[in-house]
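Participant: Mind looking over this structure? Questions follow.
The values are calculated or read from the model by the stated rules, or taken from the named source; none is laboratory data. Owing to the predicted nature of the structure, the values given are computational and were not obtained by experimental measurement. Cβ placement follows ideal geometry from the backbone for every residue including glycine, while neighbour counts extend to all protein chains displayed.
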Amino acid sequence: MLRQAQHDVLSKHVTYPSYPVKSHLRPTILLAYPVVLSQLGHVLVGVTDSVLVGHLGKLPLDAVGMGVSSTSLLLVLGLGISMGAVPRVAAANGRGDHEALGRLLVGTVWLNTLVGVLLAGFSQLLPLALPYLGQAADVVTLATPWVRVVGLSLLPLMVFQGFREWAEGLGLTRQAMQLSIVANVLNALLCYALIFGHFGAPKMGLMGSAWATLISRLGMAVLMAQFVLRAEKLRARRPAQAAAWLRPGLAELRGQLALGLPIGVQMMLEVGAFSMSYLMIGWIGVTPQAAHQIAINVASVTYMAATGIAAAATIRVGNLRGSGDLASARQAGFAAYWLTFGFMGAMGLLLIGLRYVIPPLYNTDPAVVAQAATLLTIAAAFQVSDGLQVVGLGALRGLEDVKVPSVVALLAYWAIALPLGYGLGFGLQLGAPGVWLGLLTGLSIVAVVLLLRFRRRTAPGQPIAGPSQPGEALVDAEEIMVLGQPVG
């Protein structure tokens, strides 16, 4: 009876004073820029690999492209699962519930470690599928050992994510940023040394980039864990007793998985669509595939920057929602939208201006450079759509709305973008540009649908996310914890 009364209070249509969107811009920027740099850390590892390996020739560059396309499916699934911790940590922090934060830390690290073990194990099976994807035999031969080594790095990466996402849910984003910068410098130096045999290191060629990735991700995991477990300012939020680390709560594991798995599936669907486009372009030839690898590598840099703004939106929307201020949560989400629109629009113009300058940094083959420049022009066009769809996902995660966006992604990418890209690329014989135009269409559809959904979920008069709301991913234990807090 008390439970029903509390739920009725939460379910009432409550309105709050509205604050201008511009008042949320500065705090969103301050929170986002360290996350942007940290997110770039993940993708710059692949950029460094591609730039350095590209100087070995088209075949090694294609092999890295195949390796990245296959391992990225597992990587983003893991990243998505880890992101399920952020809105729950942000909400608990907004309520000032230190005990819940301690439980969430233990549950997050345990779940991410278990997922990392599974992903690393499954990555060792990926090479068995490579010969059946219709790619050049020489490319498959080069990619197979690369995939096995980089696949092992998914375990330390997930451990890093476990500690990182918990800290970022508290608004502590600079530490992960600093570690990502250090790790990327280390990865670049190791790549240079191991690929070309400098600084007394063995000359390993393509495989040098794989071992550099594994070593740098091990270092990231150790340093991030050390910060979270030793920082004095986090003492009150960590578990009070060491024995708590041996007893992860089932509610915490289920809660993060309930939120994170749909996020991971949505991300995997999107990245899977791009991976499938890589394979489709590989059916055309090695040169278009090398051009695609360059263009998608460059576009991934700006995309990961947008995911940093989206992560800031998740944290701010989740925190404000947790404190009962849905109106401010709405404005914080729109502030992230405007930041992303401006940033991605500027990046699109930059790509157009540098479309003939960037490709030679990877490979100097004239045919590869010309096709990559064409694809970068199309990439510039979908920068805005790509950024808006990812920030929409981030804002909705702050509302713990993750299931419907996953369905939207499934339909837009796999029922529209890929079939359309195949029809344009092969039916109308537009080649690689046709495949990319299909992807542009899918991204634009997702961006529009998610914007409309965020507007509706945060419209004045909407209830403040009671657990009976459709799409809510709260489990019973967290439901009780939230209902026990005062409203507003």
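Participant: Among what's in region 204-220 and is assigned to a helix (DSSP H, G or I) and out of contact with any Ser or Thr (no Cβ under 9 Å at 6 or more places or on another chain), pick the residue that is farthest from Lys58 (Cα to Cα).
Facilitator: Per the stated criteria, the residue is Gly219.
Participant: Could we say that Arg230 is farther than 17 Å from Thr71 by Cβ, among the basic types (Lys, Arg) and without any contact (Cβ under 8 Å) to a residue 12 or more places away in the chain here?
Facilitator: Considered against the rule, which asks whether it is farther than 17 Å from Thr71 by Cβ, among the basic types (Lys, Arg) and without any contact (Cβ under 8 Å) to a residue 12 or more places away in the chain, Arg230 comes out as yes.
Participant: For region 360-372, which positions are part of a helix (DSSP H, G or I) and over 26 Å from the mean Cα position of the chain (by Cα)?
Facilitator: If the condition is that a residue be part of a helix (DSSP H, G or I) and over 26 Å from the mean Cα position of the chain (by Cα), then Pro360, Pro366, Ala367, Val368, Val369, Ala370, Gln371 are the ones that fit.
Participant: Right, here's the next one. Six or more apart or on different chains, Cβ under 7 Å: which pairs go from a residue in region 251-271 that's assigned to a helix (DSSP H, G or I) to one that's of a type in the set (Phe, Trp, Tyr) and modelled with pLDDT of 80 or more? Could you list them?
Facilitator: Final answer for the pair search is Leu253/Trp110; Leu269/Tyr413; Leu269/Trp414; Glu270/Tyr413.
Participant: Another question, if that's okay. Quick check: is even one residue across region 279-291 under 26 Å from Trp414 (Cα atoms), modelled with pLDDT of 80 or more, surrounded by 24 or more Cβ atoms within 10 Å (Cβ to Cβ) and under 18 Å from the mean Cα position of the chain (by Cα)?
Facilitator: Scanning region 279-291, I find no residue that is under 26 Å from Trp414 (Cα atoms), modelled with pLDDT of 80 or more, surrounded by 24 or more Cβ atoms within 10 Å (Cβ to Cβ) and under 18 Å from the mean Cα position of the chain (by Cα), so the answer is no.
Participant: Restricted to region 109-140, and to residues that are free of Cβ contacts under 8 Å to residues at least 12 places away in the same chain and more than 25 Å from the chain's Cα centre (by Cα), which residue is surrounded by the most Cβ atoms within 10 Å (Cβ to Cβ)?
Facilitator: Pro131
Participant: So, in region 296-311, of the ones that are in contact with a Phe, Trp or Tyr (Cβ under 8 Å, 6 or more places away or on another chain) and over 18 Å from Ala447 (Cβ atoms), which residue ends up surrounded by the fewest Cβ atoms within 10 Å (Cβ to Cβ)?
Facilitator: So, considering only residues that are in contact with a Phe, Trp or Tyr (Cβ under 8 Å, 6 or more places away or on another chain) and over 18 Å from Ala447 (Cβ atoms), the one surrounded by the fewest Cβ atoms within 10 Å (Cβ to Cβ) is Asn297.
Participant: Under the condition of being under 15 Å from the mean Cα position of the chain (by Cα) and of a type in the set (Gly, Ala, Ser), which residue from region 237-272 is surrounded by the fewest Cβ atoms within 10 Å (Cβ to Cβ)?
Facilitator: Gly272
Participant: Would you be able to say whether some residue in region 151-166 is within 30 Å of Gly285 (Cβ to Cβ) and touching a residue at least 24 places away in the same chain (Cβ under 8 Å)?
Facilitator: Within region 151-166, one or more residues are within 30 Å of Gly285 (Cβ to Cβ) and touching a residue at least 24 places away in the same chain (Cβ under 8 Å).
Participant: Any idea how many residues of region 178-203 are part of a helix (DSSP H, G or I), in contact with a Leu (Cβ under 9 Å, 6 or more places away or on another chain) and surrounded by fewer than 21 Cβ atoms within 10 Å (Cβ to Cβ)?
Facilitator: Matching residues across region 178-203 total 6.
Participant: What's the number of the only condition in (1) at pLDDT 85 or above; (2) in contact with a helix residue (DSSP H, G or I) (Cβ under 7 Å, 6 or more places away or on another chain) that Phe196 fails to meet?
Facilitator: (2)
Participant: Here is a further query. So is Leu430 at pLDDT 90 or above and within 18 Å of Phe274 (Cβ to Cβ) or not?
Facilitator: yes
Participant: For region 350-357, check the following and say yes or no: at least one residue is assigned to a helix (DSSP H, G or I), surrounded by fewer than 24 Cβ atoms within 10 Å (Cβ to Cβ) and not aliphatic (A, V, I, L, M).
Facilitator: Scanning region 350-357, I find at least one residue that is assigned to a helix (DSSP H, G or I), surrounded by fewer than 24 Cβ atoms within 10 Å (Cβ to Cβ) and not aliphatic (A, V, I, L, M), so the answer is yes.
Participant: Out of Gln371, Gln383, which single residue is modelled with pLDDT of 90 or more and either over 30 Å from Ala91 (Cβ atoms) or surrounded by fewer than 23 Cβ atoms within 10 Å (Cβ to Cβ) (or both)?
Facilitator: When all the criteria are applied, what remains is Gln371.
Participant: While we're on this one: Could you tell me whether any residue of region 203-225 is touching a helix residue (DSSP H, G or I) at 6+ places or on another chain (Cβ under 6 Å) and without any contact (Cβ under 8 Å) to a residue 12 or more places away in the chain?
Facilitator: Yes, there is a match, as at least one residue in region 203-225 is touching a helix residue (DSSP H, G or I) at 6+ places or on another chain (Cβ under 6 Å) and without any contact (Cβ under 8 Å) to a residue 12 or more places away in the chain.
Participant: For region 376-398, check the following and say yes or no: at least one residue is touching a residue at least 60 places away in the same chain (Cβ under 8 Å), farther than 29 Å from Ile81 by Cα, in a helix (DSSP H, G or I) and out of contact with any His (no Cβ under 7 Å at 6 or more places or on another chain).
Facilitator: yes
Participant: Residue check, Ile215 against (1) among the β-branched types (Val, Ile, Thr); (2) at pLDDT 90 or above; (3) under 18 Å from the mean Cα position of the chain (by Cα), all met but one. Which one?
Facilitator: Ile215 satisfies all of (1) among the β-branched types (Val, Ile, Thr); (2) at pLDDT 90 or above; (3) under 18 Å from the mean Cα position of the chain (by Cα) except (3).
Participant: Still on this structure, I have one more. Would you point out the residue of region 143-176, among those that are among the charged types (D, E, K, R) and over 15 Å from the mean Cα position of the chain (by Cα), that is nearest to Val36 (Cα to Cα)?
Facilitator: Filtering region 143-176 for residues that are among the charged types (D, E, K, R) and over 15 Å from the mean Cα position of the chain (by Cα), the one nearest to Val36 (Cα to Cα) comes out as Arg174.
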